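The values are calculated or read from the model by the stated rules, or taken from the named source; none is laboratory data. Computed from a prediction, not measured in an experiment: that's the story for all the values here. Positions of Cβ are backbone-derived with ideal geometry, glycine not excepted, and every protein chain shown enters the neighbour counts.
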Amino acid sequence: MEWIPGAISNLSKLYPLLLAGFLVLTLMAHAWLFKRKTRQYRSDYHRMKAQEKESRVVLQHRNQLRDRTRHYEQSLTYALRIQTAMFLTPKQLRTLFPESFIYHRPKDIVSGDFNWARRMNGKILFSVADCTGHGVPGAFMSLLGLEFFRQITVGQGIIDPAGILNEMNSQFDIVLGNTEELSLKDGIDLAICAYDYKTHTLEYAGAFNSLYIARDHEILEIKGDRIIVGPDYGLQRGKFENRTLKIEENDMLYMFTDGYADQFGGPEGKKFKYRRFRHLLMSIHQLSVEDQLLKLEDNMNEWMGEREDQIDDQTIIGIRPTSFSSSG
């Protein structure tokens, strides 16, 4: 065992070297870890800066979109005021027919549905129309339709419903006949009546839209022609014809667009449909016009509930023709 003291002596000589080596390795490890953490920090810093830049860009785009949306909404709201000023109001209709109402529920801010009335030469002309589409395109078409009504009735003196519709097609051909971008469906579905308040005679003409008359315990449907009102594009449209009928004392007349009947809702999410619509009108036609309007509003709110979105503009006009007021 004589080698043991020598080994111990050698180890004691190597100890400072081993300690120095350990310290060097430790410093090298710390340096490597520091360098690695520095790279990681720089990477995280650059990533954070990139994310901040992306966030600023996203925020900038969001603010631009918000400002643009606000601008569009303000423009549409102003357009609504213009459109409302040109539309027939419930108050104006009541000056002609005290027992009347207008149910109007646009899908968007502005509407493709419009209504119109005018007293001329011993008759009251009135119409409900549904322009192709809704929103801005429909609103532009509605203003065009109103201007056509004015030109044809006041400018040309045409007051029979079929003659007005035939002339509207001529006007469309003049104004939009060379506009190739419009589709074949661009146009107006409408019903128009002329009521002679002296003879209680009603003339009606329609383009796809029907007229309902609630009389006693039934709904009389007067169907319009299946002829478009709009640009021709080479289609053979034919000529509109008048339907003439005698109005009785308690008749309630309804003109409407398809938005109410086509609305989805109910427990099964189906369309309301015209059969249910006629049944509803039959159940309310003897009520006051104020109550009829409330029933129509409440029924649609209940039908749609909170699940269904409105799919189209909705318009219904109810008139008791024999309530005509000569002071209107």
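Restricting to the stretch 83-116, and then to whatever is among the hydroxyl-bearing types (Ser, Thr, Tyr) and outside any helix (DSSP H, G or I), can you tell me which residue is farthest from the chain's Cα centre (by Cα)? Show your work before the answer.
Quick first cut of the stretch 83-116, residues among the hydroxyl-bearing types (Ser, Thr, Tyr) only: 84, 89, 95, 100, 103, 111.
If we keep only those that are outside any helix (DSSP H, G or I) too, we end up with 89, 100, 103, 111.
Details: THR89: 20, SER100: 25, TYR103: 15, SER111: 7 Å.
Checked the stretch 83-116; the qualifying residue farthest from the chain's Cα centre (by Cα) is SER100.
Please verify whether the stretch 117-138 includes one or more residues that are in a helix (DSSP H, G or I), touching a strand residue (DSSP E or B) at 6+ places or on another chain (Cβ under 7 Å), assigned by TED's automatic domain parsing to the domain that holds LYS295 and modelled with pLDDT under 95. Explain how you work it out, then say what you get.
Step one: filter the stretch 117-138 for residues in a helix (DSSP H, G or I), giving 135-138.
Then keep just the ones that are touching a strand residue (DSSP E or B) at 6+ places or on another chain (Cβ under 7 Å); that gives 138.
If we keep only those that are assigned by TED's automatic domain parsing to the domain that holds LYS295 as well, we get 138.
If we keep only those that are modelled with pLDDT under 95 as well, we get 138.
There is at least one residue in the stretch 117-138 that is in a helix (DSSP H, G or I), touching a strand residue (DSSP E or B) at 6+ places or on another chain (Cβ under 7 Å), assigned by TED's automatic domain parsing to the domain that holds LYS295 and modelled with pLDDT under 95.
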(request) Could you grab the pairs with beta carbons closer than 9 Å, sequence gap of 6+ or different chains, first residue in the stretch 202-214 and outside the structural domain of HIS285 (by TED's automatic domain parsing), second one surrounded by fewer than 21 Cβ atoms within 10 Å (Cβ to Cβ)? (result) none
(request) Those residues that are farther than 23 Å from GLN292 by Cα and surrounded by fewer than 19 Cβ atoms within 10 Å (Cβ to Cβ), I need them from the stretch 201-222; list them, please. (result) THR201, PHE208
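Evaluate the following for GLU290: is it assigned to a loop (DSSP other than H, G, I, E, B) and farther than 16 Å from ASP312 by Cβ? Spell out how you get there, then give the answer.
Numbers: assigned to a loop (DSSP other than H, G, I, E, B): no; farther than 16 Å from ASP312 by Cβ: yes.
Criteria not met by GLU290.
Every residue, every condition in (1) under 31 Å from the mean Cα position of the chain (by Cα); (2) basic (Lys, Arg); (3) modelled with pLDDT under 95; (4) more than 22 Å from ASP113 (Cβ to Cβ), yes or no:
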| position | (1), (2), (3), (4) |
| --- | --- |
| LEU235 | yes, no, yes, yes |
| LYS246 | no, yes, no, yes |
| GLU249 | no, no, yes, yes |
| TYR254 | yes, no, no, no |
| GLY266 | yes, no, yes, yes |
| PHE272 | yes, no, no, no |
| LEU281 | yes, no, no, no |
| SER288 | yes, no, no, yes |
(message) If I go through the stretch 290-328 residue by residue, how many of them are more than 16 Å from LEU253 (Cα to Cα), among the hydrophobic types (A, V, I, L, M, F, W, C) and within 17 Å of the chain's Cα centre (by Cα)?
(response) 3
(message) Can you pull out every residue in the stretch 139-168 that is charged (D, E, K, R) and in a helix (DSSP H, G or I)?
(response) GLU147, ARG150, GLU167
(request) Among the residues of the stretch 298-328, count how many are in contact with a Leu (Cβ under 8 Å, 6 or more places away or on another chain), at pLDDT 90 or above and either under 17 Å from ALA214 (Cβ atoms) or polar (S, T, N, Q) (or both). (result) 7
(request) Answer with yes or no whether ARG150 is in contact with a Gly (Cβ under 7 Å, 6 or more places away or on another chain) and surrounded by fewer than 18 Cβ atoms within 10 Å (Cβ to Cβ). (result) no
(request) Kindly indicate whether any position in the stretch 257-272 is in contact (Cβ under 8 Å) with a residue 60 or more places away in the chain, surrounded by 20 or more Cβ atoms within 10 Å (Cβ to Cβ) and in a strand (DSSP E or B). (result) no
